[in-house]
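**Q** Before I ask anything, let me first share the structure, which is written out below as structure tokens.
The values are calculated or read from the model by the stated rules, or taken from the named source; none is laboratory data. All of these numbers come straight from a predicted model, not from anything done at the bench. Don't worry about glycine lacking a Cβ; one is built from the backbone with ideal geometry, like all the others, and counts go over all protein chains shown. Just the protein is used for accessible areas: all its heavy atoms, side chains included, with ligands, DNA and RNA removed. Shrake-Rupley method; radii C 1.70, N 1.55, O 1.52, S 1.80 Å.
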Amino acid sequence: MSNPTHYMTPFSPQDFPEDTTLVPKTITLNGDDTPIIPMCFTNIAYDENHPSLFMDILVPPVYIPETGINDQRQFPLILWIQGSAFATQEIGLHLPHLSEFAQQGYVVASVAYQGSDKGGEFPSTIRDANAALEFLLSHAKDYHIDTTQIVLWGESSGAYTAIMMALTQDDAFFFHNEAKNRQFKGVIDFYGPTVLQDLDLSPSIQEHRSASSWVGAYFGHAAIQATNPIMTQANPLTYINAACPPFLIFHGTMDMIVPFQQSVSLKTALDDATVDNTFVTVKGSNHGTDAFWSTQAKKIVHSFLEKHTKKAVTQPVTTI
């Protein structure tokens, strides 16, 4: 049995002694504990009224939980909304791509919305995304978020949700509670549908008007009627004005699901309202391919982010 008088009391991180034991035939590396890899927090429930809705959050390299070392910087937030044809998402699908942005100094939150296969219908995706943002802003200190620097980014139906979210912040219809009038630094749209009732006016491998289509499912599993007032309410072009945040739009010319013309319509409306926007044509690419995550594409996204957001200023490192 050990002699209790030999037990040590805990050290503080500042006074902890390095072990100098010489181990025979060891390989020795010079250690550098500076955080370099983003941290990922998963399965975070963000809405107590919808406990099945989760988000995953990537936080830039700022701290080491085991040591209590904590860099107090706050970073711009990218709210990522994964596409899914409005059905239940796989919110982690693009986290490998997005981790690069977290490493470059952005908090990235990938949020789930209630899919049309689980009872969600317009405008549920937009309401859920707004609720997710409210959670993030109320926990900004926990996740190192600069609440003044928010960018919305989505793909496909997630891009539609991001666009609508950006344009309707003053309309309580798109919130679970009251409107928040949030201001955004930018919107990044990867091949999102816009004028949903016009999807079948361009070539596609799907139809988008029947009650069984993914668009019909989003509207309560009902057939789409172009003259129905709800389609105007669901049309982002209805809300575009000169006060909109800047847009970055990517779309492939061989998109077989969401026609290229959907993004052309969005750009035309933004141009007409003199809204700052950049349109990236991805020649020969289909819907949702890795062409949108190429080195060239990511460079354009990084440039957009750097132009419209402010990088975090280094602040003192604290220890617990």
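**Q** Spin-label point model (7 Å from Cα, Cβ direction): what's the ASP32 to GLN169 distance in nm?
**A** Calculated label separation equals 3.9 nm.
**Q** Arranged from highest to lowest average of other beta-carbon atoms within 10 Å per residue, in what order do the peptides 112-123, 178-189, 290-301 appear?
**A** 112-123, 178-189, 290-301
**Q** Between MET256 and GLN103, what FRET efficiency follows from the Cβ-Cβ distance if R0 is 41 Å, with the result rounded to 0.05?
**A** On the way: r = 33 Å, r/R0 = 0.80.
For MET256 and GLN103, the calculated efficiency is 0.80.
**Q** Quickly work out the GLN72-to-LYS298 label distance, labels modelled 7 Å from Cα along the C-beta direction, and quote it in nm with one decimal.
**A** 3.3
**Q** Pull up the DSSP beta bridges for the chain and report the antiparallel fraction as a percent, rounded to 5. List each step's numbers first, then the result.
**A** Details: 13 of 39 bridges.
Antiparallel bridges make up about 35 percent of those DSSP assigns within the chain.
**Q** What's the local net charge at HIS208, with K and R +1, D and E -1, over the other residues with C-beta under 15 Å away?
**A** Details: positive: ARG209; negative: ASP198, ASP200, GLU207, ASP255.
Summing Lys/Arg as +1 and Asp/Glu as -1 gives -3.
**Q** Then there is this: From the helices alone, meaning DSSP H stretches of at least four residues, give me the mean residue ellipticity at 222 nm for the chain, per-run term -39500 (n - 2.57), in deg cm²/dmol to the nearest 500. Don't jump to the answer; show the numbers that get you there.
**A** Values: 7 runs with 72 residues, N = 320.
Result for the chain: -6500 deg cm²/dmol, rounded to the nearest 500.
**Q** Okay, next question. Amide H to amide H, which residues 5 or more places from ASP146 or on other chains are under 5 Å from it, using H placed in the peptide plane?
**A** Under 5 Å from the amide H of ASP146 lie the amide H atoms of PHE75, LEU77, each far enough along the sequence or on another chain.
**Q** With θ set to phi - 60° and the Karplus curve 6.51 cos²θ - 1.76 cosθ + 1.60, what are the ³J(HN,Hα) couplings of segment 115-130 in order, to the nearest whole Hz, using x for Gly and Pro?
**A** Karplus values, whole Hz, x for Gly and Pro: x, 5, 7, 10, x, x, 8, 2, x, 4, 5, 6, 4, 5, 5, 5.
**Q** Would you mind pulling out the separation of the Cα centroids of segment 119-153 and segment 210-269, in Å?
**A** After rounding, the separation between the Cα centres reads 22 Å.
**Q** Another question about this same structure. Placing one identical point scatterer on every Cα of segment 121-240 and ignoring solvent, what is log10 I(q)/I(0) from the Debye formula at q = 0.21 Å⁻¹?
**A** So the normalised log intensities work out to -1.22.
**Q** Consider just the alpha-carbon atoms of segment 199-320 and return their Rg together with their Dmax, both in angstrom.
**A** 18.7, 61
**Q** Separate question: Where the accessible area of segment 140-262 is counted over protein heavy atoms with a 1.4 Å probe, how much of it, in %, is carbon and sulfur?
**A** Values: 2370 of 4700 Å².
Reported share for carbon and sulfur atoms: 50 percent.
**Q** For segment 228-242, in order, what is each residue's ³J(HN,Hα) by Karplus, 6.51 cos²θ - 1.76 cosθ + 1.60 with θ = phi - 60°, in whole Hz (x at glycine and Pro)?
**A** Taking θ as phi minus 60°, the curve returns 5, x, 5, 6, 5, 5, 8, 9, x, 5, 4, 9, 6, 8, 5 Hz for segment 228-242.
**Q** May I pose another question? Where the eigenvalues come from the Cα gyration tensor of segment 1-140, what are the semi-axes √(5λ) of the equivalent ellipsoid, largest first, in whole Å? Could the numbers behind the result be given before it?
**A** Numbers: eigenvalues 359, 64, 44 Å².
Equivalent ellipsoid of segment 1-140: 42, 18, 15 Å, largest first.
**Q** Hey, what do the phi angles of segment 42-57 turn into as Karplus ³J(HN,Hα) couplings, whole Hz, using 6.51/-1.76/1.60 and θ = phi - 60°, x for Gly and Pro?
**A** Coupling constants for segment 42-57: 10, 6, 8, 6, 10, 9, 5, 7, 9, x, 8, 8, 10, 9, 10, 10 Hz.
**Q** A further question on this structure: Given a 1.4 Å probe, how much area per residue of the chain is accessible, in Å²? Kindly include the intermediate steps, with their values, before the conclusion.
**A** Numbers: 16210 Å² over 320 residues.
Per residue, the chain has an accessible area of 51 Å².
**Q** Highest first, please rank the peptides 30-43, 259-272 by the mean number of other Cβ atoms sitting within 10 Å of their residues. The partial results should precede the final answer.
**A** On the way: 30-43: 11.4, 259-272: 18.9.
Order by mean packing, descending: 259-272, 30-43.
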